Amino acid sequence: MYNMNINFLLQALRILHAGIYDDTEIRMIYDYLRGLDNESLRMFSESRAILSYQNDLLFCIEIIDLMLYILEKREEYEKCQILKDKKDESIDIIKFKTEKHECT
């Protein structure tokens, strides 16, 4: 299941960076990101499938940032707030993991 999540995120990043997306793809990516629960976010923080990132949660945050940019341009502010909250949750997980690691 985790490999499917990473593959989806990789495909999403490719689509967003290339700028070759339509409304359906934006909605699919948004729905996926919005649906990530804390367990999934923690799983991303513990994994490193994408070697150029410290962990996969940082990769996920990059995609959230790209989506925020697109949604702000489209003036979809309600969706932006939901993704900003998801980004804040992700950052909190990273901070907690960092603090926990520093204490041990």
Per the helix-only calculation at 222 nm, which mean residue ellipticity applies to the chain, given -39500 (n - 2.57) for every DSSP H run of n ≥ 4 and division by its residues, nearest 500 deg cm²/dmol?
-27000 deg cm²/dmol
How big, on average over all directions, is the shadow cast by the Cα convex hull of the chain, in nm²?
6.7
Computed E for GLU99/ASN38 - FRET, C-beta separation, R0 25 angstrom, nearest 0.05
0.90
Length gained, ASP88-ASP65, 0.36 nm per residue minus C-alpha separation, equals 7.1 nm
Length-normalised contact order of the chain, Cα under 8 Å, at least 6 apart, in percent, tallies to 24
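Readers should treat all values here as calculations from the given coordinates under stated rules, not as data from a laboratory. If you're wondering where the values come from, they're calculated on a predicted model, not measured in any experiment. FYI the Cβ positions are ideal-geometry reconstructions off the backbone, even for glycines, and counts take in every protein chain you see.
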